[in-house]
Structure formats: C-alpha cells, structure tokens
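**Q** Could you have a look at this structure, given as structure tokens, before my questions?
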Amino acid sequence: MNKIYLDNAATTPLSEEVIDAMVETMKVNFGNPSSTHSFGQEAKIAIENVRRQIADYLHVTPAEIIFTSCGTESNNMIIKSCVEHLGVERIISSPMEHKCVSESILDMKNRKGVEVAYIRPNEKGDIDLAKLEELLKNSDKKTLVSLMHANNEIGNIVDIKKIAQICKENNALFHSDTVQTMAHMNLDLSDIPVDFASCSAHKFHGPKGIGFAFIRKATGLKGIITGGPQERSLRAGTENVAGIAGLGKALELSLNNMEAYTQHIQNIKQYAIERIAAEIPGVKFNGRSSEAENSLYTVVSLLLPYKNPLIGLQLDMKGIAVSQGSACSSGASKPSMVMMMILSEDEMDHCTPLRVSFSHMTTKNDIDSLVNALKEISKDFVIENTNVEHR
C-alpha cells in the first residue's frame, strides 16, 4: 500500500540533511557543553552557532534564544514564570489556544489565584482586538496576553504585531505560541514587539524533542527548571546538542527554500480546496482555512456533511494520514475546544471535522487519493444536512 501523509501540522518528516547533521554531531561533538576542555567547548560552539542562526532569522540577540525540549515546554515556562517571577496577576487568552497554553493558564489560576479572561472568537475563529483593548483598559492588574500566531486546527492567523502594540500601549506582556509559523513565515521580532514566543523543530522537518523559547531580555523572565547555569540559567540541564544541530539544519533548509516551499504548498492547498469542494457535496471549510488571506498555507480544515467519528481510522486503513483535531487531542472522545467554539450545535451533532495539512513533499496525486477515498467513504452516508449553516 502506498502510504500518504497529510498530517504535517502534527509533525513533519525528518529531512535527510537533518539526519546527516545530527549523526555527524553525535559522532564529533559528543562532549558536555558545560565542560571546560576542548571536547565540551566544541559542543558549546556548535550550540552557539545555531543560537546565532536563530537570532539572525528573528532579528533578535542570541541571548534571547533559550533552547528547550519543545513548544510545550517553552509555553509552560513562559506562562508559569510570568506568574511566579514577574508578578502577573491576570492572563487574557482565547479558548482556542493549544492545550499546553490553556492548561498552563488554568494551572496558574488554580494554584496561584490568577484572574483569567477569555476573548471568545466569532464563527470564523477570529479574535476581536477591540475586546482585547477593552479588557486591558478595564484593569490595573499586571497582565499577560497569550494568543497564538496561527491556530493549529483551522489555520487562522492573527495580527501579532497589532496585538503586541496594543499590549505595549496598555503595559501588558504579550506571549504568542508561534509553533505553527516559526520557519514557515518571515518573523522579524525587532519590528514585532512580542515579549515571548515558542518553537518546535519537528513542525519544519527537524527532530522531535527540541525547540526554543524567545524571551525578550528586558522582561527579566527567570527559569523554572533549576539545577545548573545552562541556557543563561533559564533552563538547567545538559543541552541536546544533536537535537540543536538538527534544528539548525532544518531552519537553514526552511529559510533557504522558503519562497519555493511556500509557493508549492499554497498551490497544493488551493488544489485540495478546489477538488474537495467539487467532489464532496455539502462540504464546508472551517475558520478561514480556505482563504488566501489570514490563513496558514499549510492547513485546511474541512466539515464533512455527515457524522462519522471513525473517518480518521477509515482513511488510515486506506493508507492516508489526516487528523480529526490537533495531535494532542485527536484521541479524545469529545470534540476539540476549537470546534466547539466555531461550530453550531447542529454542525457538532451532524457533521465531521477533518484537518488536512501539507508540506513541500505533498503532491497533487496525494490530494487526488484523499478525494477519491473521501468519495468512497461518503457513499455509505445519506447526506441530509447540506444546508446546515455556521452560527
């Protein structure tokens, strides 16, 4: 069976060049970066070269890049340290954040008594920035705003520069989960006054188990993992040298090929939207995932006009990997918070959401296979609700 991978928002295949870079690092730079002898210092140099590479990409200083194990750790560290060390008393966020953000916020609410305010999205998944401004003006409490750059399920992109400016005008800190956009878009953090951001290498063909946090120096954030001076004393523990090398190579490849990759994936996404809309009667697209503007080019979110909770398994049995939600919640029996926010009760009861996500490795033949499989599966369902409307 020819297997087709269309779940790149969950993770991406590792590039061969990345594997080679990691293997070479494990062979040559095996020393502990904290050791003062040449073996350790050579490993340290390898780490610092990647740190400078990331800093150049983001137009920030190397000291503002802290290596972590993933985006989840980065987001946890930022949110919890803002409360524990920076005196944040209130957090403003959205119900559509990744679980590592939403659960970190709830943890701070339950353990530290932090006040939490949520900006409810509209039926398209958009955040009302006027509401954000209103919330910020209505309280003198030290506030952290946490809003993701691009939603991992429906691909909606928010204007993080505008949000950052609103936060600055109201003396609030701003954290953005940028896991889905890092290395997929040009991000100039010298121009976008975000205070904190996060990254996972495996979202752009790098290894799992490595990521980084951007922590603006002026914030004074402190670490929550203690026990050593590594990573500017913000994240104790021996660094994952091979993982960092893999991240660096994956970032290099992504930046060098960004224009070509972006054009290819945009074309694939548009082809998928056109084929699915033409061949699956009654299908709809969630959020802004079918639009060219304000939508992440790697993701399209479908709403099939029938209830079929087993569709992910059925497609997998045909050799096609997609997602019925985010990777962190796809095994759950109830729908994701994102879908609950943007779909009506009728849609929740009678329709099936499906996320399809692409990479530069995706082909039109892959999309044709997906469409044919969906057509075959759809034959088993009587479509009675093609007129169901979004709220």
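**Q** Among the numbered criteria (1) aliphatic (A, V, I, L, M); (2) outside the structural domain of K137 (by TED's automatic domain parsing); (3) more than 30 Å from R355 (Cα to Cα), which single criterion is violated by I225?
**A** (2)
**Q** For segment 182-222, name all the residues that are among the hydroxyl-bearing types (S, T, Y) and either outside the structural domain of V101 (by TED's automatic domain parsing) or buried (at least 22 other Cβ atoms within 10 Å of the Cβ) (or both).
**A** Hits for segment 182-222 are S198, S200.
**Q** Identify, from the list V145, V114, the residue that is β-branched (V, I, T), farther than 30 Å from I45 by Cα and touching a Cys at 6+ places or on another chain (Cβ under 6 Å).
**A** Unique residue meeting the criteria: V145.
**Q** Related question: Checking R232 against (1) of a type in the set (D, E, K, R); (2) at positive phi; (3) in contact with a Leu (Cβ under 9 Å, 6 or more places away or on another chain), which test does it fail?
**A** R232 satisfies all of (1) of a type in the set (D, E, K, R); (2) at positive phi; (3) in contact with a Leu (Cβ under 9 Å, 6 or more places away or on another chain) except (3).
**Q** Would you be able to tell me the number of residues in segment 129-163 that are surrounded by fewer than 22 Cβ atoms within 10 Å (Cβ to Cβ) and closer than 25 Å to S190 by Cα?
**A** Residues flagged as surrounded by fewer than 22 Cβ atoms within 10 Å (Cβ to Cβ) and closer than 25 Å to S190 by Cα within segment 129-163 amount to 10.
**Q** Report yes if R111 is out of contact with any Asp or Glu (no Cβ under 8 Å at 6 or more places or on another chain) and at pLDDT 95 or above, otherwise no.
**A** Yes.
**Q** Evaluate the following for L106: is it part of a helix (DSSP H, G or I), without any contact (Cβ under 8 Å) to a residue 40 or more places away in the chain and among the aliphatic types (A, V, I, L, M)?
**A** For L106, the condition - part of a helix (DSSP H, G or I), without any contact (Cβ under 8 Å) to a residue 40 or more places away in the chain and among the aliphatic types (A, V, I, L, M) - is met.
**Q** Based on this model, can you work out whether V23 counts as farther than 29 Å from S301 by Cβ and either buried (at least 22 other Cβ atoms within 10 Å of the Cβ) or in contact with a Phe, Trp or Tyr (Cβ under 9 Å, 6 or more places away or on another chain) (or both)?
**A** No; evaluated as a whole, the condition is false for this residue.
**Q** Something else about it: Any idea which of (1) touching a strand residue (DSSP E or B) at 6+ places or on another chain (Cβ under 8 Å); (2) buried (at least 17 other Cβ atoms within 10 Å of the Cβ) is the one P13 doesn't satisfy?
**A** (2)
**Q** Further, regarding this structure: Quick one: would you say S38 is surrounded by fewer than 20 Cβ atoms within 10 Å (Cβ to Cβ), in contact (Cβ under 8 Å) with a residue 60 or more places away in the chain and more than 22 Å from the chain's Cα centre (by Cα)?
**A** Against the criterion (surrounded by fewer than 20 Cβ atoms within 10 Å (Cβ to Cβ), in contact (Cβ under 8 Å) with a residue 60 or more places away in the chain and more than 22 Å from the chain's Cα centre (by Cα)), S38 does not qualify.
**Q** Could you go through segment 247-258 and let me know if any residue there is assigned to a loop (DSSP other than H, G, I, E, B) and in contact (Cβ under 8 Å) with a residue 60 or more places away in the chain.
**A** Scanning segment 247-258 turns up at least one residue that is assigned to a loop (DSSP other than H, G, I, E, B) and in contact (Cβ under 8 Å) with a residue 60 or more places away in the chain.
**Q** How many residues does segment 52-99 hold that are in contact with a Pro (Cβ under 8 Å, 6 or more places away or on another chain) and surrounded by fewer than 22 Cβ atoms within 10 Å (Cβ to Cβ)?
**A** 3
**Q** Okay, moving on. Do you know which residues across segment 279-302 are surrounded by fewer than 21 Cβ atoms within 10 Å (Cβ to Cβ) and in contact (Cβ under 8 Å) with a residue 40 or more places away in the chain?
**A** E279, I280, P281, G282, K284, R288, N294
The values are calculated or read from the model by the stated rules, or taken from the named source; none is laboratory data. As the structure is a prediction and not an experimental result, all values here were calculated from the model. A quick note on method: Cβ atoms are made from the backbone with ideal geometry, for glycine too, and the neighbour counts reach across all protein chains shown.
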